[in-house]
Each structure stands twice: as C-alpha cells, then as structure tokens.
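These notes are about the structure you will find just below.
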Amino acid sequence: MQRPWARIYAYYVEHTAITFEYEAPDAAEMNARREKILKHYPYLVAEQAGRVVGYAYAHEFYGRAAYAWSVEASIYIASAARGQGLGRKLYPALERALRAMGVLNVNACIAVPRTADDPYLTDGSLAFHKRLGYQMVGTFHQSGCKFGRWYDVAWMEKLLGAHEEPPAAVRDFCADRYE
C-alpha cells in the first residue's frame, strides 16, 4: 500500500523541479524518512474527508550542535488540493510547534526557475514563503539540474523568537504537548 505522503511527493518528483530527486522514493523509504523526522521534529498532515492531502515537516538544518536552534522546513500539498489555503494552515502550525520546542530559525531551500516560462517550476514557493514572513537570505545559481535544465536555489529564513544568550535547550517534538 502506498502511503499518502509517498503519493503526494511522487507527483513533485516526477512532474516538477520543486524537488531535485530524480526518482520517487517508494512508500517504505518515505515512511522511514518520516519516522526519522518524528524522532525529534514535527511532521504535520492536512486531511480532507479522511484523506491526507498535504504535509509539512522540519528537520535538522545541519548536523552540528551549534545549529540545534535552526531547522529546514518543507511542505507538499497534493496537486489536486493546491490553492485551497492548506499551506497557510500547515506552515503556521509547524512554526507554532517549532516555537514550542525552542527552535528559533526556520530555513527554506527553494528551487527557483531561471525563466518565466519554465514548464516544471514557478516562483510560487518563493511568493508563498514571502507571504508568510520569510526573508531572502541568498541564491545559489545553477545549483541543480533536472529535466535537462539548470535551476537556482534560494534560501529564505524566518526568525521565530529572541536569540538570547545562552539559549534555552531545544526540546524534542511531542504531539501531545502541541494539540
């Protein structure tokens, strides 16, 4: 049985340059990724009529102790459910969970089209993050090649809280604490 997050993600792998994976991971691999994330971070899902139609999660930003207060966030909405405001519900819920954990920085790595008529990518993700208060940090040019085209990668960030010295320790995500 294919897990809903595998089905949703497969669309983006096979039809877009939103992710730079070339082959969609199978359900077992997607479940393993999800379980790994849930050991420490939130992995939230959106449902409509009992069916998973989107998910957002955060994971370790970079494997060093000094980065404990920073995460990278991702969101995927089923192609048929896009434009219904699900992302505007999922991302703030993710940010609330991260704040409660003590996370201070949320980073987003976003593929950027190099031309306005790109058939595999729009600037929708950049616009989405800007609307939610993310700020541009920088762009890596021609960083990924998919479908025979080069894509830039933009990094955006949102600060979730005050950066005090010393910072409070980050706690593991626990769904019971954030309901």
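Taking region 147-164 as the range and being surrounded by fewer than 14 Cβ atoms within 10 Å (Cβ to Cβ) and closer than 20 Å to residue 61 by Cα as the test, the residues that pass are 159, 162, 163, 164. Scan region 151-170 for residues that are part of a loop (DSSP other than H, G, I, E, B) and either within 19 Å of residue 140 (Cα to Cα) or of a type outside the set (D, E, K, R) (or both) and the total you get is 9. Sub-6 Å Cβ pairs linking a first residue in region 15-42 that is within 23 Å of residue 146 (Cβ to Cβ) and acidic (Asp, Glu) to a second residue that is open to solvent by less than 50 Å² (accessible area, probe 1.4 Å) and in a helix (DSSP H, G or I), at least 6 apart or interchain, are 21/13, ordered by first then second residue. Identification of strands (runs of 3 or more DSSP E) wholly contained in region 42-127 with 3 or more residues that are touching a strand residue (DSSP E or B) at 6+ places or on another chain (Cβ under 9 Å) and farther than 16 Å from residue 155 by Cβ yields 43-48, 51-60. Scanning region 11-41 for residues that are aromatic (Phe, Trp, Tyr) and assigned to a helix (DSSP H, G or I), we see that the one that is nearest to residue 105 (Cα to Cα) is 12.
Residue-wise test of (1) surrounded by fewer than 19 Cβ atoms within 10 Å (Cβ to Cβ); (2) β-branched (Val, Ile, Thr).
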{"site": "75", "(1), (2)": "no, yes"}
{"site": "78", "(1), (2)": "no, no"}
{"site": "81", "(1), (2)": "yes, no"}
{"site": "85", "(1), (2)": "yes, no"}
{"site": "92", "(1), (2)": "yes, no"}
{"site": "95", "(1), (2)": "no, no"}
{"site": "101", "(1), (2)": "no, no"}
{"site": "106", "(1), (2)": "no, yes"}
{"site": "112", "(1), (2)": "no, yes"}
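Tell me, please, whether a residue that is within 18 Å of the chain's Cα centre (by Cα) and either on the phi > 0 side of the Ramachandran plot or without any contact (Cβ under 8 Å) to a residue 60 or more places away in the chain (or both) can be found in region 157-175. Taking every residue of region 157-175 in turn, at least one turns out to be within 18 Å of the chain's Cα centre (by Cα) and either on the phi > 0 side of the Ramachandran plot or without any contact (Cβ under 8 Å) to a residue 60 or more places away in the chain (or both). Checking each residue of region 30-41 against the condition of being farther than 30 Å from residue 167 by Cα, of a type outside the set (A, V, I, L, M), loosely packed, with under 14 Cβ neighbours inside 10 Å and touching a helix residue (DSSP H, G or I) at 6+ places or on another chain (Cβ under 9 Å) gives no match. With respect to residue 54, is the statement that it is open to solvent by less than 60 Å² (accessible area, probe 1.4 Å) and under 30 Å from residue 164 (Cβ atoms) true? So residue 54 fails the test.
The values are calculated or read from the model by the stated rules, or taken from the named source; none is laboratory data. All values derive from a computational prediction rather than experimental measurement. Backbone-built Cβ (ideal geometry, glycine too); neighbour counts: all protein chains shown. Areas reflect the complete protein model, heavy atoms only, side chains present, ligands, DNA and RNA absent. Shrake-Rupley method; radii C 1.70, N 1.55, O 1.52, S 1.80 Å.
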